[in-house]
1. Look at segment 18-40 and say how many of its residues are of a type outside the set (Lys, Arg) and either in contact with a helix residue (DSSP H, G or I) (Cβ under 9 Å, 6 or more places away or on another chain) or touching a residue at least 24 places away in the same chain (Cβ under 8 Å) (or both).
2. Among the residues of segment 61-78, is any touching an Asp or Glu at 6+ places or on another chain (Cβ under 7 Å), among the hydrophobic types (A, V, I, L, M, F, W, C) and in a helix (DSSP H, G or I)?
3. Can you confirm whether Ala57 is touching a helix residue (DSSP H, G or I) at 6+ places or on another chain (Cβ under 8 Å), without any contact (Cβ under 8 Å) to a residue 40 or more places away in the chain and in a strand (DSSP E or B)?
4. Return the pair list, or none, for Cβ contacts closer than 7 Å from residues in segment 3-17 that are of a type in the set (Val, Ile, Thr) to residues that are at pLDDT below 90 and part of a helix (DSSP H, G or I), at least 6 apart or on different chains.
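The values are calculated or read from the model by the stated rules, or taken from the named source; none is laboratory data. Being a predicted model, the structure only gives us computed values, none of them experimental. No Cβ is skipped: glycine too gets one built from the backbone with ideal geometry, and neighbour counts run over all protein chains shown.
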Amino acid sequence: MPRALKANGFVAQVTEVVAVEVADRPGGLAAVLEAFDAEGVNVEYMYAYVTKTKDNAIVICKFDDPRQALDALKRRAFRR
């Protein structure tokens with residue numbers, strides 16, 4: 001896909017991201033970010049995905065070390 005976009009004058013890049021289910025309530029995102037902080041995981045950027053799964057929202061995150069982030073989510077029992 002990036003080639004088609006670039007061929008038409010757009011800047012495009014494919015990056016590895018992780019989708020995380022976050023409790024859709026006040027403090028839900030904070031709980032995930034606190035877990036990343038405690039595990040020393042660096043979040044490069046993130047954005048919300050416009051869908052809900054039951055009582056959760058989905059946040060898309062880009063990490064400098066995706067494996068470290070996935071391991072942290074697993075240790076702390078967050079869904080990814």
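1. Residues in segment 18-40 being of a type outside the set (Lys, Arg) and either in contact with a helix residue (DSSP H, G or I) (Cβ under 9 Å, 6 or more places away or on another chain) or touching a residue at least 24 places away in the same chain (Cβ under 8 Å) (or both): 15 in total.
2. Within segment 61-78, one or more residues are touching an Asp or Glu at 6+ places or on another chain (Cβ under 7 Å), among the hydrophobic types (A, V, I, L, M, F, W, C) and in a helix (DSSP H, G or I).
3. In short, yes.
4. Short answer, once both residue conditions are applied: Val14/Pro2.
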